[in-house]
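The values are calculated or read from the model by the stated rules, or taken from the named source; none is laboratory data. Because the structure is predicted, anything quoted here is derived from the model rather than measured. Virtual Cβ from ideal backbone geometry, glycine too; neighbours counted across all protein chains shown. SASA here: full protein model, heavy atoms, side chains in, ligands and nucleic acids out. Shrake-Rupley method; radii C 1.70, N 1.55, O 1.52, S 1.80 Å.
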Amino acid sequence: MISVFMMSSGKFKVGEFEGGLLDTEHAAEFVGLSPATLKWWRTRNRKCGPPYFRLHKNAIRYSRADLEVWLRERRVRNEVLNG
């Protein structure tokens, strides 16, 4: 499935959605990180990054729903400390 979505730059881009999945470049754009960071987490620090699918040796995809959950889990709320 091919979709059009707005990137953080405000430009519209055709997304490479395959069955609702994002490639590394589009997943990185979605979460506000670089593709290199996602690749580093996949290959070096597996506990840190969002879940992904390895469809083939060079075909990594991320579920948009998984990315949204991953982002929500990292939300930090400011707390007022009584001191």
Just a yes or no: is a residue in region 10-33 modelled with pLDDT under 95, open to solvent by 80 Å² or more (accessible area, probe 1.4 Å) and among the aromatic types (Phe, Trp, Tyr)?
yes
Here's a check for you: in region 41-58, which residue that is under 13 Å from the mean Cα position of the chain (by Cα) and surrounded by fewer than 16 Cβ atoms within 10 Å (Cβ to Cβ) is modelled with the lowest pLDDT?
Cys48
Within region 59-74, residues of a type in the set (Val, Ile, Thr) and open to solvent by 50 Å² or more (accessible area, probe 1.4 Å) come out as Val69
Residue pairs within 9 Å by beta carbon, gap of at least six or interchain, first lying in region 34-46 and within 12 Å of Ile60 (Cα to Cα), second open to solvent by less than 70 Å² (accessible area, probe 1.4 Å) and among the charged types (D, E, K, R), listed first then second, are Pro35/Asp23; Pro35/Glu29
